[in-house]
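Novice: Can you read through this structure? Questions will come right after.
Please treat every number below as a calculation from the coordinates, not as lab data. Note that the structure is predicted; figures quoted are calculated from it, not measured. Please note: Cβ atoms are built from the backbone with ideal geometry, for glycine as well, and neighbour counts cover all protein chains shown.
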Amino acid sequence: MIRYILGRIASIALTFTVVSVIVFLMMHAVPGGPFDGNDMPVSDAVKAKLNASLGLDQPLYVQYFKYMWGVLHFDFGIPFQSPGETTLQLLSRAWPPSLILGGAGVLIGAPLGILLGMAAALRRNSWIDYLASAFATLGLTIPVFVISMGLIMVFAVWLNWLPASGWGKPHAWILPITAYAAIPMATYARYTRSAMLDVLTKPFVTVLRAKGLSERRIIFQHVLRNAALPMVTVFLPMFIGTATGSIFVEAMFRVPGLGAYFVSSITLRDYSLEMALILMVTMMFCIAYLLSDIVYALLNPRIRVGGRS
Amino acid sequence: MPLLDIENLTVSFPQHEGVVQAVRGVSLSVAAGESVGIVGESGSGKSVTCMAVLRLLREPPARIAADKMELAGVNMLTASRAQLSASRGRVAAMVFQDPMTAFDPVFTIGHQIVETIRAHRKVSKSEARGEAANLLARVEIKTPEAILNSYPHQLSGGMLQRAMIAMALSCRPQILFADEPTTALDVTIQAQILQLIKDLQAEFGMGLIMVTHDLGVVAETVDRVVVMYGGRVMETAPVQDIFDAPAHPYTQALMASMPGRSAGKQRLVEIPGASPNPSNPPSGCPFHPRCAVAEARCAAQVPAFKSQSATRAAACWRLP
């Protein structure tokens, strides 16, 4: 098991390097630079001076190694769109709202979705099942900004219970978190339902009943444990995917989070921030997949490396 | 009072194209300690009958009706969930066809036997584990401790079927349902497993229902045979009589089609036609379209199940 994990960590390092090279090359392959905007044109001489001061006049491989050397020392450079702070400072300022939004959205949406999916699978073809399916389909098909708009209309405009936007007081968090929870809830409900139904039709469930086990024990110990296998591989990476925030929800509720920077760093050719964001997401996904593989191996004796353990 | 007493059991599955009638009025009784073989081709309703008795079919879609369905004095038609759980495993245990899919893949064999014991009796985990080891030794497993700690995927089919039998016997059931227990196994293992079931049945003094399509299995393990066809019982008789003097034309045809019953090289005898479509069964006797000696009334009316002697009965118009 230890060897397996060490091997996986080595492969993460490789993934990280490959992603960084590709992203760096693609980022610089996009024409234009940070000072080519038309809003406030600068003269060519000034542009050259700025580029030189930021090292942008050097060959690409030099820039790459300089940047990656910095990354290894937790120095992600300075964001061009906000030069008064380092990239790390920007991230530590903008990430917490996204983390709260995404984290709370998943932590609320996932358990609700799992319960809904379980209820649907156990009461198959009943009104609960149909309601859960309708709910899950709506949650996945209605764009999140439409859901956001509906929530603002009902709870902010008509009922006037909650603020329509902002991030100051915690009660302003309720609407964006609710909007955010819809997608994980819908996804988890669908996955849980199909995973449970898949296990419920397995012959060993009939054997468990024939042994005289209580239905509760069959469901909660045996069926859930088996259904969890395909679920963990989806859930952990999805959890990470949501923790980086949502561009749409943050824009709709004017949350000062990370979402907008994913777009602006590309349009403004903010190379340092763009690299930092993508490397961060890459690292989080790598860790999430590693964790989900470990959890999967712990839950599933059939793939435990090294045979019996 | 018989241990298992079924009168006029019907099991049907409503579907879009119509109602599939899997079991159409089966009556069956098994005395304590008696071993009965239910034989029939695929779709004759033999497995469904067993599943229906323990209420293991999903209802709905399955619809079960009977004039009587008692297991050790408990009316299984009206039994509560708790009564069913108490009967299953304890009064009647079941051994299934495919041992490779019969165990939960994420728990050890030991865990699954121990949980069966502890579902029915108040014993400690370590006591239950000790009993499980003894049971595994009893089903001729050489290294019980190693098997207890194994996961299902680590064992062979024959090994798993032995463990399955040990698990079924763990609560000393009064009757064992064995639903084609050797069909999924290697031929070399089949005979060992059958001998084991037969020995254990005698040792534990329990009733046995051996469901199979293999007449050889029946000849080796049971006292009495129930022949099913098209969801109905065609004939029941002591095992020797079934082989020596089958009364019902269907049983006669079955015996004639067994390979190697007559000397010399010859073409295998077959029963013409195909088994009845369960969603649109023929009128009258289900076997009449394939029966060599069918008469007009065979298609018109279902023959009654009549006793020929104290031990034999059959449903055929041509029999007295």
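Novice: Tell me the label-point distance for the pair residue B:172, residue B:213, using the 7 Å Cα-to-Cβ offset, in nm and rounded to one decimal.
Specialist: So the two model labels end up 3.8 nm from each other.
Novice: Moving on. With +1 on each Lys and Arg Cβ and -1 on each Asp and Glu Cβ, how big is the dipole of chain A about its Cα centre, in debye rounded to the nearest 20? Can you show the working numbers first?
Specialist: Values: 22 positive and 13 negative charges, 359 e Å.
The dipole magnitude comes to about 1720 debye.
Novice: For residue A:43 and residue A:157, what is the calculated FRET efficiency with R₀ set at 41 Å and r taken between the beta-carbons, to the nearest 0.05? Please report the intermediate quantities before stating the final value.
Specialist: Values: r = 49 Å, r/R0 = 1.19.
Rounded to the nearest 0.05, the efficiency is 0.25.
Novice: What percentages make up the Cα-Cα pair-distance distribution of region A:49-194 when the bins are 5 Å wide from 0?
Specialist: 2, 9, 12, 13, 12, 10, 9, 9, 9, 7, 5, 2, 1, 0, 0
Novice: For region B:14-79 and region B:137-186, what is the separation of their C-alpha centers, rounded to whole Å?
Specialist: After rounding, the separation between the Cα centres reads 25 Å.
Novice: Another one. Calculate the length of the line joining the C-alpha centroid of region B:211-281 to that of region A:207-263, in whole Å.
Specialist: 54
Novice: Related question: Are there trypsin sites (Lys or Arg not before Pro) in region A:246-309 that DSSP marks as loop and that have at most 12 other Cβ atoms within 10 Å, and which are they?
Specialist: On the way: sites: A:254, A:269, A:302, A:304, A:308; in loops: A:254, A:269, A:304, A:308.
In loop regions of region A:246-309 (DSSP not H, G, I, E or B), the sparsely surrounded trypsin sites (Lys or Arg not before Pro) are A:308.
Novice: Of the candidates B:43, B:230, B:216, which one comes out as most mobile in a Gaussian network treatment of chain B with C-alpha springs shorter than 10 Å?
Specialist: With Cα springs under 10 Å in chain B, the top fluctuation among B:43, B:230, B:216 is at B:216.
Novice: If you take every residue apart from residue B:68 with its C-beta less than 14 Å away from the C-beta of residue B:68, what net charge results, scoring Lys and Arg +1 and Asp and Glu -1?
Specialist: Numbers: positive: none; negative: B:5, B:7, B:67, B:70.
Charge balance in the 14 Å sphere: -4.
Novice: Let me ask something else about it. Using only Cα atoms, tell me the angle between helix B:125-138 and the longest principal axis of chain B; keep it within 0 to 90° and round to the nearest 10.
Specialist: Computed tilt is about 50 degrees.
Novice: Quick one: Cα convex hull volume of region B:222-320, Å³ per residue?
Specialist: Hull volume normalised by residue count: 109 Å³.
Novice: Compute the long axis of helix B:109-120 from its Cα atoms, compare it with the longest principal axis of the Cα atoms of chain B, and write down the angle in degrees, 0 to 90, nearest 10.
Specialist: 80
Novice: Then there is this: Under a GNM of chain B (C-alpha, springs under 10 Å), which listed residue has the highest mean-square fluctuation: B:205, B:37, B:273?
Specialist: Maximum fluctuation in the GNM of chain B, among the listed residues, is at B:273.
Novice: Something else: Over region B:177-253, what relative contact order in percent results from Cα pairs under 8 Å that are six or more residues apart? Display every interim value, and only then the final one.
Specialist: On the way: 68 pairs, mean separation 17.1, N = 77.
So the answer I get is 22 percent.
Novice: If exposed GluC sites (Glu not before Pro) are those in a DSSP loop with at most 16 other Cβ within 10 Å, what is the longest stretch of chain B that has none?
Specialist: On the way: sites that count: B:17, B:41, B:140, B:270, B:295.
It runs B:141-269.
Novice: With a 10 Å Cβ neighbour count serving as the proxy for reagent exposure, in which order, fewest first, do B:143, B:251 appear?
Specialist: Working: B:143 12, B:251 26.
Lowest to highest Cβ neighbour count: B:143, B:251.
Novice: Around residue B:118, under 14 Å between beta carbons, what's the net of Lys plus Arg minus Asp minus Glu among the other residues? Don't skip to the answer; put the middle values down first.
Specialist: On the way: positive: A:211, A:217, B:90, B:121, B:122, B:125, B:129; negative: B:115, B:127, B:131.
Net local charge, residue B:118 excluded: +4.
Novice: If I build a Gaussian network model for chain A, linking alpha-carbon pairs within less than 10 angstrom, which residue out of A:155, A:285, A:24 has the largest mean-square fluctuation?
Specialist: A:155
Novice: Calculated from DSSP H runs of 4 or more alone, at -39500 (n - 2.57) each and per residue, what is the 222 nm mean residue ellipticity of chain B, nearest 500? The partial results should precede the final answer.
Specialist: Details: 11 runs with 103 residues, N = 320.
Calculated at 222 nm, the ellipticity per residue is -9000 deg cm²/dmol.
Novice: What ranking do A:72, A:273, A:151 get, fewest neighbouring Cβ atoms within 10 angstrom at the top?
Specialist: Working: A:72 7, A:273 24, A:151 20.
The most exposed by this proxy come first: A:72, A:151, A:273.
Novice: Determine the sum of side-chain charges near residue A:203: Lys and Arg each +1, Asp and Glu each -1, restricted to other residues whose C-beta is under 12 angstrom from that of residue A:203.
Specialist: Surrounding charge for residue A:203 is -1.
Novice: Calculated FRET efficiency, residue B:268 and residue B:195, Cβ-Cβ r, R0 41 Å, to nearest 0.05? Present the calculation step by step, with values, prior to reporting the outcome.
Specialist: Working: r = 28 Å, r/R0 = 0.68.
It comes out at approximately 0.90.
Novice: A further question on this structure: Could you work out how far apart the two model spin labels at residue B:257 and residue A:290 are, taking each label as a point 7 Å from the Cα in the direction of the beta carbon, and quote it in nm?
Specialist: If labels sit at residue B:257 and residue A:290, their model points lie 6.3 nm apart.
Novice: Can you sort A:135, A:220 from fewest to most other Cβ atoms within 10 Å of each residue's own Cβ?
Specialist: Working: A:135 19, A:220 12.
Fewest-to-most Cβ neighbours within 10 Å comes out as A:220, A:135.
Novice: Compute the Rg/Rh shape ratio of chain A: radius of gyration over Kirkwood radius, all on alpha-carbon atoms.
Specialist: Numbers: Rg = 24.0 Å, Rh = 22.6 Å.
Here the Rg-to-Rh quotient is 1.06.
Novice: Which of the trypsin sites (Lys or Arg not before Pro) across region B:193-269 are loop residues per DSSP, with 10 or fewer other Cβ within 10 Å? If you can, show how the numbers build up before the last one.
Specialist: Details: sites: B:198, B:224, B:232, B:261, B:265, B:267; in loops: B:261, B:265, B:267.
In loop regions of region B:193-269 (DSSP not H, G, I, E or B), the sparsely surrounded trypsin sites (Lys or Arg not before Pro) are B:265, B:267.
Novice: To check you understand DSSP bridge types, tell me what percent of the beta bridges within the protein assembly as shown (both residues inside) are antiparallel, rounded to 5. Before the final figure, lay out the partial values.
Specialist: Working: 29 of 48 bridges.
In the protein assembly as shown, DSSP labels about 60 percent of beta bridges as antiparallel.
Novice: Where does helix B:187-204 land angle-wise versus the long Cα axis of chain B, in degrees 0 to 90, nearest 10?
Specialist: Tilt of helix B:187-204: around 80 degrees.
Novice: Moving on to the next point. Lysines within cross-link reach of residue B:68: Cα-Cα under 28 Å, excluding same-chain residues under 8 positions apart?
Specialist: The qualifying lysines are A:211, B:46, B:306.
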